[in-house]
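Some notes on the structure that comes next.
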Amino acid sequence: MSPDKPARPLTGRKVLMIAVAFFGVIISVNVYMMMQAVGGFPGLVEKHPYRASQTFDKTRNAQIAQGWRAGVAWQDDVLEATLTDRDGAPLRGLIVTVDIGRPATRQGERIITLVPTADRPGVYAADLILDPGRWRAEMTAVDGAGATHRAGAEIWVKAKE
(Lines give C-alpha, C1' and ligand atoms only; values in the text may rest on other atoms or scores of the structure.)
Protein backbone atom coordinates (compact mmCIF):
# COMPACT_ATOMS: atom_id res chain seq x y z
CA MET A 1 0.00 0.00 0.00
CA SER A 2 1.14 3.44 -0.79
CA PRO A 3 0.42 6.18 1.58
CA ASP A 4 -1.78 9.01 0.28
CA LYS A 5 0.12 12.14 -0.52
CA PRO A 6 -1.22 15.16 1.19
CA ALA A 7 -2.81 17.75 -1.18
CA ARG A 8 -0.61 20.74 -1.84
CA PRO A 9 -2.31 23.86 -0.59
CA LEU A 10 -3.19 26.71 -2.96
CA THR A 11 -1.01 29.53 -1.80
CA GLY A 12 -0.85 33.16 -2.75
CA ARG A 13 2.35 32.52 -4.65
CA LYS A 14 0.65 29.87 -6.84
CA VAL A 15 -2.30 32.17 -7.55
CA LEU A 16 0.13 34.93 -8.52
CA MET A 17 2.02 32.59 -10.89
CA ILE A 18 -1.24 31.42 -12.51
CA ALA A 19 -2.39 35.04 -12.99
CA VAL A 20 0.97 36.15 -14.41
CA ALA A 21 1.05 33.19 -16.83
CA PHE A 22 -2.56 33.81 -17.93
CA PHE A 23 -2.08 37.51 -18.62
CA GLY A 24 1.37 36.90 -20.10
CA VAL A 25 -0.15 34.62 -22.75
CA ILE A 26 -2.95 37.14 -23.49
CA ILE A 27 -0.55 40.07 -23.80
CA SER A 28 1.91 38.07 -25.94
CA VAL A 29 -0.82 37.07 -28.40
CA ASN A 30 -2.11 40.66 -28.56
CA VAL A 31 1.38 42.05 -29.24
CA TYR A 32 1.95 39.44 -31.96
CA MET A 33 -1.39 40.24 -33.65
CA MET A 34 -0.71 43.98 -33.43
CA MET A 35 2.71 43.57 -35.04
CA GLN A 36 1.21 41.49 -37.85
CA ALA A 37 -1.49 44.11 -38.49
CA VAL A 38 0.89 47.07 -38.51
CA GLY A 39 3.50 45.23 -40.57
CA GLY A 40 0.97 44.34 -43.28
CA PHE A 41 -0.19 47.90 -43.95
CA PRO A 42 1.95 50.85 -42.89
CA GLY A 43 -0.96 53.25 -43.37
CA LEU A 44 0.89 55.42 -45.87
CA VAL A 45 -0.73 56.24 -49.18
CA GLU A 46 1.39 59.31 -49.91
CA LYS A 47 5.01 59.69 -48.91
CA HIS A 48 4.39 63.36 -48.03
CA PRO A 49 0.65 63.62 -47.30
CA TYR A 50 0.70 67.23 -46.14
CA ARG A 51 2.36 68.43 -49.35
CA ALA A 52 -0.07 66.37 -51.44
CA SER A 53 -3.02 67.90 -49.59
CA GLN A 54 -1.90 71.41 -50.49
CA THR A 55 -2.64 70.86 -54.18
CA PHE A 56 -5.59 68.49 -53.85
CA ASP A 57 -8.37 71.06 -54.40
CA LYS A 58 -6.56 72.69 -57.32
CA THR A 59 -6.00 69.33 -59.03
CA ARG A 60 -9.58 68.17 -58.41
CA ASN A 61 -11.08 71.42 -59.75
CA ALA A 62 -8.89 71.28 -62.87
CA GLN A 63 -9.99 67.71 -63.50
CA ILE A 64 -13.68 68.63 -63.07
CA ALA A 65 -13.28 71.59 -65.45
CA GLN A 66 -11.62 69.29 -67.99
CA GLY A 67 -14.86 67.29 -68.19
CA TRP A 68 -13.37 63.89 -68.90
CA ARG A 69 -15.28 60.82 -67.74
CA ALA A 70 -13.47 57.60 -66.92
CA GLY A 71 -14.41 54.09 -65.93
CA VAL A 72 -12.14 51.20 -65.02
CA ALA A 73 -13.35 47.60 -65.12
CA TRP A 74 -11.91 44.08 -65.13
CA GLN A 75 -13.64 41.10 -66.68
CA ASP A 76 -12.48 37.80 -68.19
CA ASP A 77 -8.80 38.56 -67.51
CA VAL A 78 -8.94 41.91 -69.35
CA LEU A 79 -8.52 45.29 -67.64
CA GLU A 80 -10.31 48.12 -69.48
CA ALA A 81 -10.50 51.87 -69.07
CA THR A 82 -13.17 53.82 -70.94
CA LEU A 83 -12.54 57.54 -71.42
CA THR A 84 -14.92 60.12 -72.88
CA ASP A 85 -15.15 63.89 -72.95
CA ARG A 86 -17.99 65.89 -71.37
CA ASP A 87 -20.20 65.27 -74.44
CA GLY A 88 -19.62 61.51 -74.38
CA ALA A 89 -17.26 61.47 -77.37
CA PRO A 90 -14.41 58.93 -77.02
CA LEU A 91 -10.98 60.27 -76.15
CA ARG A 92 -8.21 59.07 -78.46
CA GLY A 93 -4.44 59.31 -78.40
CA LEU A 94 -4.01 59.04 -74.62
CA ILE A 95 -1.32 57.32 -72.62
CA VAL A 96 -3.21 55.27 -70.04
CA THR A 97 -1.61 53.48 -67.10
CA VAL A 98 -3.21 51.67 -64.18
CA ASP A 99 -1.53 51.16 -60.82
CA ILE A 100 -3.13 47.95 -59.56
CA GLY A 101 -2.65 46.27 -56.22
CA ARG A 102 -4.33 45.11 -53.05
CA PRO A 103 -6.00 47.81 -50.96
CA ALA A 104 -4.14 47.10 -47.73
CA THR A 105 -0.61 46.44 -48.91
CA ARG A 106 1.94 47.44 -51.54
CA GLN A 107 3.02 43.82 -52.01
CA GLY A 108 2.31 42.60 -55.54
CA GLU A 109 1.55 46.11 -56.79
CA ARG A 110 2.27 46.76 -60.45
CA ILE A 111 1.71 49.38 -63.12
CA ILE A 112 0.00 48.25 -66.31
CA THR A 113 0.04 50.25 -69.56
CA LEU A 114 -3.24 50.01 -71.44
CA VAL A 115 -3.39 50.21 -75.24
CA PRO A 116 -6.24 51.54 -77.40
CA THR A 117 -8.63 48.91 -78.69
CA ALA A 118 -9.01 48.78 -82.46
CA ASP A 119 -12.77 48.25 -82.54
CA ARG A 120 -13.92 50.50 -79.67
CA PRO A 121 -12.70 54.13 -79.65
CA GLY A 122 -12.03 55.55 -76.22
CA VAL A 123 -11.49 52.11 -74.70
CA TYR A 124 -7.99 51.14 -73.57
CA ALA A 125 -7.25 47.57 -72.52
CA ALA A 126 -4.61 45.07 -71.39
CA ASP A 127 -4.66 41.40 -70.52
CA LEU A 128 -4.35 40.96 -66.77
CA ILE A 129 -4.76 37.85 -64.65
CA LEU A 130 -5.78 38.63 -61.07
CA ASP A 131 -5.99 36.33 -58.07
CA PRO A 132 -9.32 36.11 -56.25
CA GLY A 133 -10.10 38.87 -53.79
CA ARG A 134 -10.30 42.63 -53.62
CA TRP A 135 -8.10 44.88 -55.76
CA ARG A 136 -7.74 48.64 -56.18
CA ALA A 137 -7.05 50.20 -59.56
CA GLU A 138 -5.80 53.79 -59.91
CA MET A 139 -5.90 54.92 -63.54
CA THR A 140 -3.93 57.85 -64.95
CA ALA A 141 -4.60 59.13 -68.48
CA VAL A 142 -2.44 61.81 -70.14
CA ASP A 143 -3.06 63.46 -73.50
CA GLY A 144 -0.47 64.95 -75.89
CA ALA A 145 -0.79 68.42 -74.30
CA GLY A 146 -0.07 67.06 -70.82
CA ALA A 147 -3.65 67.19 -69.49
CA THR A 148 -4.03 64.48 -66.86
CA HIS A 149 -7.07 62.64 -65.55
CA ARG A 150 -7.08 60.24 -62.62
CA ALA A 151 -9.78 57.80 -61.59
CA GLY A 152 -9.94 54.92 -59.18
CA ALA A 153 -11.97 51.74 -58.94
CA GLU A 154 -12.36 48.74 -56.70
CA ILE A 155 -12.29 45.35 -58.39
CA TRP A 156 -13.68 42.18 -56.86
CA VAL A 157 -12.42 38.94 -58.35
CA LYS A 158 -14.43 35.83 -57.50
CA ALA A 159 -12.72 32.50 -57.03
CA LYS A 160 -13.08 30.23 -60.05
CA GLU A 161 -15.23 27.24 -59.32
Problem - Charge context of residue 125, other residues only, Cβ under 12 angstrom, K/R +1, D/E -1 - result: -4
Problem - Size of charge dipole - the range 72-145 - debye, nearest 20, with Cβ of Lys, Arg +1 and Asp, Glu -1, no other charges - result: 240
Fill in the blank from the handout: Scoring only Lys, Arg, Asp and Glu (+1, +1, -1, -1) among other residues with Cβ under 14 Å from the Cβ of residue 64 yields +3
Problem - Between 0 and 90°, nearest 10: helix 56-66 axis offset from the chain longest Cα axis - result: 40
Problem - Acute angle (nearest 10 degrees) that the helix 12-40 long axis makes with the longest principal axis of the chain, alpha-carbon atoms - result: 10
Handout entry: Angstrom value of the Kirkwood radius, inverse mean 1/r, which spans all Cα pairs in the chain
Key = 20.3
Problem - All aspartates and glutamates inside 15 Å of residue 158 as judged from Cα atoms, apart from same-chain residues fewer than 8 positions distant - result: 76, 77, 131
Exercise for the section: Taking the Cα centre of the chain as origin, work out the dipole magnitude from +1 charges on Lys and Arg Cβ and -1 charges on Asp and Glu Cβ, in debye rounded to 20. Expected result: 1040
Practice task
Calculate what fraction, in whole %, of the accessible area of the chain sits on carbon and sulfur atoms when a 1.4 Å probe is rolled over the protein chains.
Solution key: 61
Practice task
Just name one of 126, 155, 116: the one whose Cα is farthest towards the positive end of the charge dipole of the range 101-161 (beta-carbon charges, Lys/Arg +1, Asp/Glu -1).
Solution key: 155
Exercise for the section: Provide the per-residue ³J(HN,Hα) series for the range 136-147, in order, calculated from phi with Karplus coefficients 6.51, -1.76, 1.60 and θ = phi - 60°, each as a whole number of Hz, with x at glycine and proline positions. Expected result: 10, 10, 10, 8, 10, 10, 10, 8, x, 8, x, 5
Practice task
Write down the accessible area per residue of the chain in Å², having rolled a 1.4 Å probe over the full set of protein chains.
Solution key: 75
Problem - Summed side-chain charge close to residue 111 - residues other than residue 111 whose Cβ falls under 10 Å, Lys, Arg +1, Asp, Glu -1 - result: -2
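The values are calculated or read from the model by the stated rules, or taken from the named source; none is laboratory data. Bear in mind that the values here come from a model prediction, so they are computed numbers and not experimental data. Backbone-built Cβ (ideal geometry, glycine too); neighbour counts: all protein chains shown. SASA here: full protein model, heavy atoms, side chains in, ligands and nucleic acids out. Shrake-Rupley method; radii C 1.70, N 1.55, O 1.52, S 1.80 Å.
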